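The values are calculated or read from the model by the stated rules, or taken from the named source; none is laboratory data. Please read these numbers as outputs of a predicted model, since none were measured by experiment. Cβ sites come from the backbone with ideal geometry, for glycine too, and all protein chains shown count toward neighbours. Ligands, DNA and RNA are excluded from the accessible area calculation, which covers all protein heavy atoms including side chains. Shrake-Rupley method; radii C 1.70, N 1.55, O 1.52, S 1.80 Å.
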Amino acid sequence: IKMLPTYLLSKDVAKTEAFASLTKALEEKKDHYLVSPSFSGVSYFAGRPKIASRLDLFISTQDKEGLKILGPLKKVLDQTKINFQIHFLAIEDKEIGLKAIGGIADLEESKRIVCMMNYYPKAWWDYIACRAKNPESTWWDDCLESLKSVDAALIKRCAKTETSIELLRKNIQLTQELQISSSPVFLLDNQEVFSIAGSDGAEEQLKEIILKK
């Protein structure tokens, strides 16, 4: 068992009338059924080494509600020395290559942001904050051009090249390893999983969880 909570059902469940409706949520093992973590949810990764003062955020660039967490999160991070990393919700398919949970718009935006992280590690927050106001807008270049210290042409070129693909592959390694498929999801100290909506009170909730130590 690598994830908690974990739900195990005996093979006798196959004899019940409800079994047919459960099959998509169950993984058959030798002498029992395991409820798939994608259905049961995860709050703790057992066996992963603890990395103190580390926080990872998994998010889709098209998650309009989820992106609201970035404002409160930035305020909390500015008060700490925590090692923060953001990861996008994409996977690499052997046949079609990279694909994002939010479709082509999500994939292209993720490429632009990893390029920003690579060339302008202190400016990507400003870009994603601008985009979070209206992530569905196709006028993403307005946000790039509004950042006076950023060479917008450089980011555009990067996002269209193999460089962005390699950067995104590296960015989503943990996303794929942990099989994260929802947004936003936090991983604290490389072990604890939690999620907070970007609503009123989010900053206080983040402080309580992240600064509890």
In region 93-104, which residue that is of a type in the set (A, V, I, L, M) and surrounded by fewer than 16 Cβ atoms within 10 Å (Cβ to Cβ) is farthest from Ser164 (Cα to Cα)?
-> Ile96
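Quick check, is Ile172 at pLDDT 95 or above and in contact with a strand residue (DSSP E or B) (Cβ under 8 Å, 6 or more places away or on another chain)?
Values: at pLDDT 95 or above: yes; in contact with a strand residue (DSSP E or B) (Cβ under 8 Å, 6 or more places away or on another chain): yes.
Judged against the criteria, Ile172 is a match.
Is one or more of the residues making up region 32-43 farther than 29 Å from Gln173 by Cβ and modelled with pLDDT of 85 or more?
So far as region 32-43 goes, yes, one or more of its residues are farther than 29 Å from Gln173 by Cβ and modelled with pLDDT of 85 or more.
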Among the residues of region 147-178, which ones are basic (Lys, Arg) and free of Cβ contacts under 8 Å to residues at least 60 places away in the same chain?
-> Lys148, Lys156, Arg157, Lys160, Lys170
Here the qualifying pairs (Cβ atoms under 7 Å; residues six or more apart or on different chains; first in region 74-92 and under 21 Å from Leu211 (Cα atoms); second in a loop (DSSP other than H, G, I, E, B) and open to solvent by 40 Å² or more (accessible area, probe 1.4 Å)) come out as Thr80/Leu211; Lys81/Ser53; Ile82/Ser53; Asn83/Ser53
So is Gly47 surrounded by fewer than 14 Cβ atoms within 10 Å (Cβ to Cβ) and of a type in the set (Gly, Ala, Ser) or not?
-> yes
Please verify whether region 60-70 includes one or more residues that are surrounded by fewer than 15 Cβ atoms within 10 Å (Cβ to Cβ), touching an Asp or Glu at 6+ places or on another chain (Cβ under 9 Å) and more than 20 Å from Lys212 (Cα to Cα).
-> yes
Can you tell me how many residues in region 113-123 are at pLDDT 95 or above and either part of a loop (DSSP other than H, G, I, E, B) or within 16 Å of the chain's Cα centre (by Cα) (or both)?
-> 4
For residues in region 17-29 being part of a loop (DSSP other than H, G, I, E, B) and open to solvent by 60 Å² or more (accessible area, probe 1.4 Å), which is nearest to Leu178 (Cα to Cα)?
-> Lys29
Given (1) farther than 24 Å from Leu178 by Cβ; (2) open to solvent by less than 50 Å² (accessible area, probe 1.4 Å), Asp126 misses just (2)
Looking at this structure, is Ala14 among the aliphatic types (A, V, I, L, M), assigned to a loop (DSSP other than H, G, I, E, B) and out of contact with any Ser or Thr (no Cβ under 6 Å at 6 or more places or on another chain)?
-> no
For Ile86, the lone unmet condition from (1) open to solvent by 20 Å² or more (accessible area, probe 1.4 Å); (2) among the β-branched types (Val, Ile, Thr); (3) outside any helix (DSSP H, G or I) is (1)
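Kindly indicate whether Glu145 is closer than 22 Å to Gly103 by Cβ, open to solvent by 20 Å² or more (accessible area, probe 1.4 Å) and either among the acidic types (Asp, Glu) or in contact with a strand residue (DSSP E or B) (Cβ under 7 Å, 6 or more places away or on another chain) (or both).
no
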